[in-house]
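Visitor: Have a look at this one.
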Amino acid sequence: MGLVGYFYQQLTADRGYLQTLCPFESQIIGVGPQIGYLFPVRNMQGYLNLKGYDEFDAHDRAEGYNIWLTLALSPAPPTTEKAPPPILTKAPRLTFSHSMVHDCEMSAN
């Protein structure tokens, strides 16, 4: 449920008879409510949407009300979650200092 709207502005003039006398470039604003509902349909997912617009601030076009009812069917979302990929870590890096190597050589002699 929510609010929807649009703004339409024609960028180029209409073509046809008397174009130079009547270069219509229409515009309009529409605002209204919307409600949608998701539901299962066999192995698919359905979406029903109802929205209505009150059109106003019209120039060179009709204004009024319009209502849209739409139905969309799509594949259902996956039901099982995949396991996350394993986390890769590096083994601790062993470092030797020069004094450690020197101590080992002395004790071997």
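Visitor: Cut-off is 10 Å between beta-carbons; in what order do TYR6, TYR47 appear when sorted fewest neighbours first?
Guide: Ascending number of Cβ neighbours within 10 Å: TYR6, TYR47.
Visitor: Ok, one more. Over the residues of region 2-77, compute the C-alpha Rg and express it relative to 2.2 N^0.38 Å.
Guide: After normalising by residue count via 2.2 N^0.38 Å, the value is 1.59.
Visitor: For each of MET1, MET44, count neighbouring Cβ atoms within 10 Å of the residue's Cβ, then give the residues from fewest to most.
Guide: Ordered from fewest to most neighbouring Cβ atoms within 10 Å, MET1, MET44 come out as MET1, MET44.
Visitor: How far apart, in nm, are two points set 7 Å out from the Cα along the Cα-to-Cβ line at GLU25 and at ASN43?
Guide: 5.4 nm
Visitor: OK, next. Residue-wise, which Karplus ³J(HN,Hα) couplings in Hz belong to region 3-8, taking 6.51 cos²θ - 1.76 cosθ + 1.60, θ = phi - 60°, and x for glycine or proline?
Guide: Rounded to whole hertz, the list is 10, 10, x, 7, 10, 10.
A short reminder: the numbers here are calculations on the coordinates, not readings from a lab. Model, not experiment: these values are computed from the prediction. Using ideal geometry, Cβ is built from the backbone for each residue, glycine included, and neighbour counts are taken over all protein chains shown.
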